[in-house]
Amino acid sequence: MPVPILLVAGFLGAGKTTVVNHLLAHAQGKRIAAVVNDFGAINIDAELIAGASDGVVSLSNGCICCTLEGDLLRTLATLLRRDPRPEFIVIETSGIADPADIVRNLMDPVIWKEAPLETVLCVVDATQPVTALDDALLRSQLRAADVVALSKVDLADAAACAAIRDAIRAVRPAAVIVDALHGEVPASLLFPADLDHVPAPRETAPRRPATDRFETLSWTSERPVRLPRLQQAIGRLAPKLARAKGLFETVEQPGRLTVFQLAGGRATLAAGGVPAPGVPRTRLVFIAEMGALSRAEIDEIMQGCVDG
Ligand SMILES: Nc1nc2c(ncn2[C@@H]2O[C@H](COP(=O)(O)OP(=O)(O)OP(=O)(O)O)[C@@H](O)[C@H]2O)c(=O)[nH]1
């Protein structure tokens, strides 16, 4: 029985992990394996994904649309050898991935026979200005999509949501567009009802030249951070960041992790689990346009969060 693949794409911080988590939390007993790719050295997403009944495989330190494309195919082959086999595979791309390149790789005849690509879902942040869709990468992500999930509709007014829906339709008229409040996308749009159904191969566009537009800088520490200082540090770094996320322990709340997210200029903190042995207590990933931020600047600003 072929194992359908769902490919989840979307720009940095759009809400991909939130959609994947919602899907896994409502899997209704289906065996779903998740493959997640953060292009930085630390794969925070894998930790933020809960409830994958068939496990989470994390691919980090590269992008599965380019440097890690061989790793993706090998990972899929390994998943397909599992006994019992997963019933579905969800692949969450990094926010800088061009899904067209991944689609081309997934059409590898061996993988396609066993695990055909069923749906490409693109998550789009409803709070960003319509002009964000002029970006070549976002347009490429949209052009590959069968379904577009509009995230963060709770944070945007109706007129802004309508404008962004129109802009999405202009780029990708064939896609089904749905609102995805806190990641809620109907599973019926993503997975086939008939498991014998084999999707048709897709048209693939030629590979675009790779451009190193973003870089990730990680910062880890064995020591807990002081929360007010961390908030100040994030305030200093935020104007230069395209995205940041991570987990940390605070001096104020020892033994508990806090999840930090900075996406679309909004910073949030949420309760995480407990620190795992052998893993640094503070792990933060900063993503910025190339050259916008230096290692020395991060080290200097972040060190102040744990000192004295
Ligand atoms: N208010 C609100 N916040 C949301 C919604 N969807 C996602 N978020 C928040 O947006 C932030 C980024 O969401 P993620 O799901 O981590 O985004 P992502 O696309 O996986 O991010 P990267 O993998 O780093 O590119 C998190 O703080 C989420 O809680 C939503 O519908 N409403």
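Each reported figure results from applying straightforward, stated rules to the coordinates on display, with no laboratory input. Keep in mind that this is a model prediction, so the values were computed, not measured. Every residue, glycine as well, gets a Cβ built from its backbone with ideal geometry; the counts of neighbours run over all protein chains shown.
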**Item:** Unit charges at the beta carbon, dipole of the range 220-308: most positive-side option, Gly265, Ile287, Thr220
**Value:** Gly265
**Message:** Cα atoms only: what Rg and Dmax, in Å, come out for the range 5-189?
**Reply:** 15.6, 49
**Item:** Kirkwood Rh and Cα Rg combined as Rg/Rh, the range 70-112
**Value:** 0.98
**Electrostatic dipole magnitude of the chain [Cβ: Lys, Arg +1; Asp, Glu -1; Cα centre; debye, to 20]** = 220
**Message:** Compute the helix-to-body angle for 227-237: its Cα long axis versus the longest principal axis of the chain, expressed 0 to 90° and rounded to tens.
**Reply:** 70
**Request:** Give the peptides 17-24, 273-280 in descending order of average Cβ contacts within 10 Å, highest first.
**Result:** 17-24, 273-280
**Message:** Taking the Cα centroid of the range 182-204 and of the range 238-272, what is the distance between the two, rounded to the nearest whole Å?
**Reply:** 33
**Asked** Sorted by packing (mean other beta-carbon atoms within 10 Å per residue), highest first, where do 296-303, 146-153 land?
**Response** 146-153, 296-303
**Asked** Once phi is turned into θ = phi - 60°, what whole-Hz ³J(HN,Hα) does the Karplus curve with 6.51, -1.76 and 1.60 give for every residue of the range 109-126, x standing for Gly and Pro?
**Response** x, 5, 5, 4, 4, 8, 9, x, 6, 8, 9, 10, 10, 10, 9, 10, 6, 6
**Prompt:** Can you run phi through the Karplus equation (6.51, -1.76, 1.60; θ = phi - 60°) for the range 27-37 and list ³J(HN,Hα) in whole Hz, with x for Gly and Pro?
**Reply:** 6, 6, x, 6, 7, 10, 9, 10, 10, 10, 10
**Request:** Please list 94-100, 128-134, 218-224 highest first by mean number of surrounding beta-carbon atoms within 10 Å per residue.
**Result:** 94-100, 218-224, 128-134
**Request:** For the chain, build the charge dipole from Cβ charges (+1 Lys, Arg; -1 Asp, Glu) around the Cα centre, then report which of Ala242, Pro99, Pro129 sits farthest towards its positive end.
**Result:** Ala242
**Fill in**
Magnitude of the Cβ-charge dipole (Lys and Arg +1, Asp and Glu -1) of the range 71-160 about the Cα centre, nearest 20 debye, reported as 340
**Asked** To the nearest µm²/s, what D does Stokes-Einstein give for the range 130-197 at 37 °C and 0.692 mPa s, using the Kirkwood radius over alpha carbon pairs as Rh?
**Response** 253
**Asked** Roughly how many nanometres apart are two label points built 7 Å out from the Cα toward the Cβ at Ala162 and Arg256?
**Response** 4.3
**Prompt:** Hey, which aspartates and glutamates would be in cross-link range of Lys240, C-alpha to C-alpha under 16 Å, not counting anything within fewer than 8 residues on its own chain?
**Reply:** Glu215, Glu289, Glu297, Asp299, Glu300
**Item:** Calculated [θ] (222 nm, deg cm²/dmol) that DSSP helices of n ≥ 4 give over the chain, each run adding -39,500 (n - 2.57)
**Value:** -8000 deg cm²/dmol
**Complete:** Here the Cα Rg-to-2.2 N^0.38 Å ratio for the range 43-94 is 1.14
**Message:** Give me log10 I(q)/I(0) at q = 0.13, 0.21, 0.24 Å⁻¹ for the range 214-306, Debye formula, one equal scatterer per alpha-carbon, no solvent.
**Reply:** -0.38, -1.01, -1.31
**Message:** With just the Cα atoms defining each centre, how far is the range 279-299 from the range 100-116? Give it in Å.
**Reply:** 34
**Complete:** Binned at 10 Å starting from 0, the alpha-carbon pair-distance distribution of the range 72-180 in whole percents comes out as 13, 41, 27, 15, 4
